[in-house]
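Colleague: Can you read through this structure? Questions will come right after.
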Amino acid sequence: MQKLMKNWVFTMITCILLSVLTVIMLLGAFEVKGFTLAQDILHLLVAVVLGIYIIFTLFPMIVHYRGVPQLFVGVEIVLLIIAMVALVFAQVNVPFFSSLQVCSVVGLAIWLRGAVETIHAYTLQGTQGKKKTPLWALCLYILLSAFGVWQMANPTIEDKHFLFVIGGVSLVMAVIFGYATAQNRKAAYGGKKKKKKAKKGSEDSKPVAALEEPKPVVAEKEPVAAVTVTDEKQ
């Protein structure tokens, strides 16, 4: 991941995608007429978050719990899966699901979690040798259940507020990745220029004599002394 963050191409593409997402979210938040793409993306994001919540939180609980709480965790999973399907069907304008709000789905998840934990705490009171649920935790679960029912019946947070939040976060992340792109590009091209400059300087510093091929040395011939032949008969 660190290598990707130092790659200016990756950070640039991520910055562009986040900028596009910011524009889409803000157009949906300002309720531009005929623009429903932001709402569709929001519903899909919530469905994905619900799926992750079910897989990594509720499935381990259904394995850990026993008896009545395990049964209610199973019911919780089924109801949240139905909510996920409803969020997906909202994209194709199904009459019942098209008016579904994100706040209602979040309220459903909070109510189910509070209700299941309240039932779990109640079942622990009648068992021996097990750690009882503290009173403050039981009160918290009851408050969560009440808050979830309230949000399901009368959602207080409209979808456009979620769009504003996602758009704001996307804008901040786009600025961060844009700054990282500028720094990575500067570091990449600055390093190449330094290498080229260093290489050029090393080539210029070489002596000229070392670049020239040595010429073969020709040895001079010594003059041959004249030999006089004398006649032995004389």
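Colleague: Return the carbon/sulfur percentage of the accessible area of the stretch 123-186, one whole number, probe 1.4 Å, all protein chains in place.
Modeller: Reported share for carbon and sulfur atoms: 72 percent.
Colleague: Another one. Which whole-number percentage describes the relative contact order of the stretch 24-113, with Cα contacts under 8 Å and a sequence gap of 6 or more? The partial results should precede the final answer.
Modeller: On the way: 59 pairs, mean separation 22.9, N = 90.
It rounds to 25 percent for the stretch 24-113.
Colleague: Something else: So what is the accessible area of the stretch 34-185 per residue, in Å², with the probe set to 1.4 Å? Mind showing how you got there, number by number?
Modeller: Details: 8920 Å² over 152 residues.
Computed with neighbouring chains in place, this is 59 Å² per residue.
Colleague: Here is a follow-up. In whole Hz, with x marking every Gly and Pro, tabulate ³J(HN,Hα) for the stretch 177-183 from phi via Karplus 6.51 cos²θ - 1.76 cosθ + 1.60, θ = phi - 60°.
Modeller: Ordered by residue, 3J(HN,Hα) equals 5, x, 5, 5, 5, 4, 5 Hz.
Colleague: Which ³J(HN,Hα) values in Hz, rounded to whole numbers, follow from the phi angles of the stretch 35-47 under the Karplus curve 6.51 cos²θ - 1.76 cosθ + 1.60, where θ = phi - 60° and Gly and Pro get x?
Modeller: After applying 6.51 cos²θ - 1.76 cosθ + 1.60, I find 9, 10, 4, 4, 5, 5, 5, 4, 4, 5, 4, 5, 5 Hz.
Colleague: Which whole number in µm²/s is D for the stretch 1-64 by Stokes-Einstein, with the Kirkwood Rh taken over Cα pairs at 4 °C and 1.567 mPa s?
Modeller: This corresponds to a translational diffusion coefficient of 89 µm²/s.
Colleague: Run the simple label-point estimate for LEU143 and HIS64 please: 7 Å along Cα→C-beta, distance reported in nm.
Modeller: Spacing of the two 7 Å Cα→Cβ label points: 2.2 nm.
Colleague: Expected output is a single nm value to one decimal: the length gained when fully extending between GLN91 and LEU79, i.e. 0.36 nm times separation in residues minus the C-alpha distance. What is it?
Modeller: Length gained, GLN91 through LEU79: 2.4 nm.
Colleague: Using the Karplus equation 6.51 cos²θ - 1.76 cosθ + 1.60 (θ = phi - 60°), what ³J(HN,Hα) coupling, rounded to whole Hz, does each residue of the stretch 153-166 give in order, writing x for Gly and Pro?
Modeller: 6, 9, x, 8, 10, 6, 5, 5, 5, 5, 5, 4, 5, 5
The values are calculated or read from the model by the stated rules, or taken from the named source; none is laboratory data. All of these numbers come straight from a predicted model, not from anything done at the bench. Here Cβ is always computed from backbone atoms with ideal geometry, including for glycine, and neighbour counts include all displayed protein chains. Calculation scope for accessible area: heavy atoms of the full protein, side chains included, ligands and nucleic acids excluded. Shrake-Rupley method; radii C 1.70, N 1.55, O 1.52, S 1.80 Å.
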